[in-house]
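The values are calculated or read from the model by the stated rules, or taken from the named source; none is laboratory data. Quick caveat, the model's predicted, so the values are computed rather than measured. A quick note on method: Cβ atoms are made from the backbone with ideal geometry, for glycine too, and the neighbour counts reach across all protein chains shown. Note: areas computed on protein heavy atoms with side chains; ligands, DNA, RNA excluded. Shrake-Rupley method; radii C 1.70, N 1.55, O 1.52, S 1.80 Å.
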Number of protein chains: 2
Amino acid sequence: MAFIETSAVAIGPYGSRAALRSAPLPALYPAGAEIYGQGERCRGIYQVEFGAVRVYRLLADGRRQITAFHLAGEMFGFEADTVHHFFAEAICATGVRPIAASNDSDQSGRILPMALKSLVRAQEHLLVLGRQNAVERIAAFLGDLADRQGGLKLIDLPMSRTDISDYLGLTIETVSRVFSRLKRQGVIRLPNLRSVEVVNWQALQEMAG
Amino acid sequence: MAFIETSAVAIGPYGSRAALRSAPLPALYPAGAEIYGQGERCRGIYQVEFGAVRVYRLLADGRRQITAFHLAGEMFGFEADTVHHFFAEAICATGVRPIAASNDSDQSGRILPMALKSLVRAQEHLLVLGRQNAVERIAAFLGDLADRQGGLKLIDLPMSRTDISDYLGLTIETVSRVFSRLKRQGVIRLPNLRSVEVVNWQALQEMAG
DNA sequence: CGGTTGGTTGATCATGCTCAAATTTGGTGG
DNA sequence: CCACCAAATTTGAGCATGATCAACCAACCG
């Protein structure tokens, strides 16, 4: 991971802003680096080259809701305003390519389909948060991640349990308990903290509802 | 409400499809009529002329999540696909105007800002469902409705308690209890089932977080 | 009036949260 | 390679919020 040393940015969770953001080509962010912050001026939209990004919002008392994770190839940074309403951070060492200004009307034909995809994703996530229980949420989350990673048995989890809980509207303890339960039931295996192997695909799908 | 009799559609909750949908100008839907259904081919996007629309998704066992309410002037019907992933129904007698095909690239410059607005709305709703308790959800809901209706003290609730609960990820009983509590605390008044008067605006805002 | 629909209230229960510990993991230096 | 450490995760016990189940009530309409 030589690129970490070559990028002139601070390292560490919730670290300082990346100096490379305005570079014309892929910007590199170490784990925890902020890509943009709430209130900051929108520079356009981005595509993840490698790594993973979390987009989230905070309540005054610190409660956090992650609205989306973005993996390699996916777009993020859509805003209705000229100012960001959310935070975006690199989850692990991540490369991000600026794509276009979101208010560039020449580009809107290209941007609209991506924005609509984000919208459908968010709406489907609403169903999960509003109406599914803890097991269903985790099962849906794993199924979704697996799909986005090509449907392989071995799912890569770039994010921590805390990130997962803030994405699913649960606590870290509940996430951990559900993982343990699924493991005990032989639905998944946990080779290490950052990957999940799906053993019983059908059971997982049924749990997701 | 003479237009109900003049429109050749069935009346009643979850009623049959409106015959007027393909008309070039505003289509009229009675309370409960379906505007489009999951799996149905997308015809484009719509603007609410008057009345109110609920957009929702169902789980296999009947659990429902309303992803959005749309009031007069607002747009809905954005989809990433050529097929609808959600249901849309008139909440009360409602007029709906078809605006454009969502895959019409000439229109994308006009459509993109509206789609982005829907996206931000959905993402903010995620924060409510994922991280706020029942009182906060109701307070946020009332605040949002008030804003969209011009910020007046008297809020019009076109939707039932059941709709509200399916929007906020609560049960109808919890919605009712929170309304009663806010009334007892002097934050709101309930002149009738379909309106709310905000008495203590600041308290409501603080509760919404 | 009687019936139906939608809403409120009460009592009990269960899911998931909180607080507290134990344990595992991954990294670091000997 | 191994011991050690800090951070992350897992596990446990008790609790609280909101769900469930069951009456009750009010408005509306034939």
*Is it true that A:Ser160 is open to solvent by 20 Å² or more (accessible area, probe 1.4 Å) and away from chain B (no Cβ under 14 Å)?*
yes
*Among the residues of region B:172-209, write down those that are open to solvent by 20 Å² or more (accessible area, probe 1.4 Å) and within 9 Å of DNA strand C (Cβ to nearest atom).*
B:Ile172, B:Glu173, B:Thr174, B:Ser176, B:Arg177, B:Ser180, B:Arg181, B:Lys183, B:Arg184, B:Leu190, B:Leu193, B:Arg194
_Residue in region B:46-54 that is away from chain A (no Cβ under 13 Å), in contact with a Ser or Thr (Cβ under 6 Å, 6 or more places away or on another chain), open to solvent by 20 Å² or more (accessible area, probe 1.4 Å) and closer than 29 Å to B:Thr171 by Cβ present_ = yes
*Quick one: would you say A:Gly77 is outside the structural domain of A:Asn200 (by TED's automatic domain parsing) and at positive phi?*
yes
*State whether one or more residues within region B:93-105 are in the same structural domain as B:Leu58 (by TED's automatic domain parsing), under 18 Å from B:Asp166 (Cβ atoms) and open to solvent by 20 Å² or more (accessible area, probe 1.4 Å).*
no
_Looking at B:His84 and the list (1) farther than 20 Å from B:Glu49 by Cβ; (2) in contact (Cβ under 8 Å) with a residue 40 or more places away in the chain; (3) touching a helix residue (DSSP H, G or I) at 6+ places or on another chain (Cβ under 7 Å), which single condition is not satisfied?_
(3)
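Need at least 1 residues that are within 13 Å of DNA strand D (Cβ to nearest atom) and modelled with pLDDT of 95 or more per element, so show me which strands (runs of 3 or more DSSP E) inside region B:95-209 make the cut, counting only ones lying wholly within it. Break it down into steps so the answer makes sense when it comes.
On the way: elements: B:154-156, B:188-192, B:195-198.
Qualifying strands (runs of 3 or more DSSP E): B:188-192, B:195-198.
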*Consider A:Tyr36 against the criteria (1) modelled with pLDDT of 90 or more; (2) surrounded by fewer than 21 Cβ atoms within 10 Å (Cβ to Cβ): it satisfies all of them except one. Which criterion is unmet?*
(2)
*Conditions (1) farther than 30 Å from A:Val55 by Cβ; (2) under 18 Å from the mean Cα position of the chain (by Cα); (3) within 12 Å of DNA strand C (Cβ to nearest atom): number failed by B:Asp163*: (1)
_Could you check region A:122-155 and list, in sequence order, the residues that are away from chain B (no Cβ under 13 Å), open to solvent by 50 Å² or more (accessible area, probe 1.4 Å) and closer than 30 Å to B:Leu116 by Cβ?_
A:Asp147, A:Arg148, A:Gln149, A:Gly150
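Going through region B:56-66 one residue at a time, which ones are open to solvent by 10 Å² or more (accessible area, probe 1.4 Å) and in contact (Cβ under 8 Å) with a residue 24 or more places away in the chain?
Passing the criteria: B:Arg57, B:Leu58, B:Arg64.
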